[in-house]
Amino acid sequence: MRLAIKNTDNNLKGKANYFYNKFKDNPLVIGFVGLVVGALLTYIGSYGMYQVQLHNEQKNIAQAIAIDVYGTSQTLNCSLVTYRSQNNFSGEWGIYRELTPFYSDHGFYFSDRNEIYTLSPDISEDIYLYYTQVFDIERERQFIVDHYTNESELNNSTAFMKNAITGMSGVMPSQIDAALKQGNKVENELKEN
């Protein structure tokens with residue numbers, strides 16, 4: 001059995017030597033081999049550069065989202081702290097009426113939301129949930145601003161409008177708390193990414 005393997009090895013070496021000796025001085029073969037090797041190395045290099053570029057883009061997107069989430073969370077938190085401090089002094093929980101929008105129409109989410117989905121599915125889902133919470137709060141804030149200016153106006157409005165405004169205003173602090181928790185979760189996930 002060993003003899004058969006040795007003969008096969010010798011046979012392969014002999015055939016390899018035959019082809020090497022026959023084509024080593026042929027410029028067409030040398031050019032073709034060089035072309036194949038060059039194309040293969042170019043592909044490998046391009047693919048490696050593509051992967052590095054993709055990683056850097058995801059890192060930049062994650063950083064931009066983290067900055068946007070942080071800024072939005074700061075705006076929400078400042079509004080909530082102001083609301084709670086004003087109402088703690090009076091002893092009553094008044095209508096949560098914030099004139100300043102919580103999120104700009106030109107924020108990252110509106111300008112580059114398609115970039116969010118280049119991140120991992122779990123992070124994208126958490127980011128989407130965060131912005132959904134923020135937009136729900138923003139929609140309620142805008143409704144209250146549009147339909148409530150003072151207490152006497154609220155007392156003169158319909159029962160439906162009065163219930164809508166007081167109901168939205170009553171749950172807004174807890175909604176902001178939930179959005180702030182989700183924002184912290186997103187920021188931590190983006191830092192780890």
Checklist entry - If r is the Cβ-Cβ distance from Asn26 to Tyr50 and R0 is 45 Å, what FRET efficiency results, to the nearest 0.05? => result 0.80
Checklist outcome for this item: Summing +1 per Lys or Arg and -1 per Asp or Glu among the other residues with Cβ less than 12 Å from Thr100's Cβ gives 0
Checklist outcome for this item: Computed over the stretch 42-176, the relative contact order (Cα-Cα under 8 Å, seq sep at least six) in percent reads 30
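Throughout, read-outs are computed from the coordinates displayed, never taken from laboratory work. Keep in mind it's a predicted model, so treat the numbers as computed, not measured. Ideal geometry is used to build each Cβ from the backbone, glycine not excepted, and the neighbour counts take in all protein chains shown.
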